[in-house]
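Colleague: Handing you a structure now.
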Amino acid sequence: MAGMDTQERIKQQVTGNRVVLYMKGTPQFPQCGFSSLAVQVLNACGVQDFAHVNVLADPEIRQGIKEYANWPTIPQLYVNGEFVGGSDIMKEMYQSGELQKLLQEAPQKA
């Protein structure tokens with residue numbers, strides 16, 4: 001099980017950035033189809049500049065993020081410190097227009 005310091009790191013990442021995507025790989029080189037889809041959805045919403053955490057590079061975060069949100073899969077999207085969901089939820093929210101609204105309402109970091 002991941003230690004509290006890992007949970008604390010995740011909390012700082014999630015609350016310190018407006019939009020955070022926990023993913024396999026990077027936005028430029030996603031390492032799985034779901035992570036790739038998540039990046040495409042964010043880009044389609046006009047979000048080019050978002051924080052990302054490559055869970056493949058950090059096994060503690062990879063395990064810890066599943067515990068943090070009580071969500072078993074990656075990618076995971078957080079907006080304004082709140083867990084939004086994985087790529088399937090992102091895609092559904094994008095298709096319904098909800099995700100764009102959420103991302104537009106999110107205050108921009110100065």
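Rule-based calculations on the coordinates, nothing more; no lab input. Computed from a predicted model, the values in this text were never measured in an experiment. Note that each Cβ is placed from the backbone with ideal geometry, even for glycine, and that neighbours are counted across all protein chains shown.
Colleague: Out of A57, A38, which single residue is closer than 22 Å to E98 by Cβ and not aromatic (F, W, Y)?
Modeller: Details: A57 fails: closer than 22 Å to E98 by Cβ.
Only one candidate passes the filter, namely A38.
Colleague: Related question: Just to be sure, is E67 surrounded by fewer than 15 Cβ atoms within 10 Å (Cβ to Cβ) and without any contact (Cβ under 8 Å) to a residue 60 or more places away in the chain? Before you say what the answer is, go through the steps one by one.
Modeller: Details: surrounded by fewer than 15 Cβ atoms within 10 Å (Cβ to Cβ): yes; without any contact (Cβ under 8 Å) to a residue 60 or more places away in the chain: no.
So E67 does not fit the description; no.
Colleague: If you go through the stretch 11-22 one residue at a time, do you hit one that is more than 21 Å from E105 (Cβ to Cβ), free of Cβ contacts under 8 Å to residues at least 12 places away in the same chain, under 14 Å from the mean Cα position of the chain (by Cα) and exposed (fewer than 14 other Cβ atoms within 10 Å of the Cβ)?
Modeller: Yes, the stretch 11-22 contains at least one residue that is more than 21 Å from E105 (Cβ to Cβ), free of Cβ contacts under 8 Å to residues at least 12 places away in the same chain, under 14 Å from the mean Cα position of the chain (by Cα) and exposed (fewer than 14 other Cβ atoms within 10 Å of the Cβ).
Colleague: Would you please list the contacts, defined by Cβ atoms under 7 Å and residues six or more apart or on different chains, that run from a residue in the stretch 76-101 that is under 21 Å from T26 (Cβ atoms) to a residue that is part of a loop (DSSP other than H, G, I, E, B) and small (G, A, S)?
Modeller: Going by the 7 Å Cβ cut-off, the qualifying pairs are Q76/G86; V79/A106.
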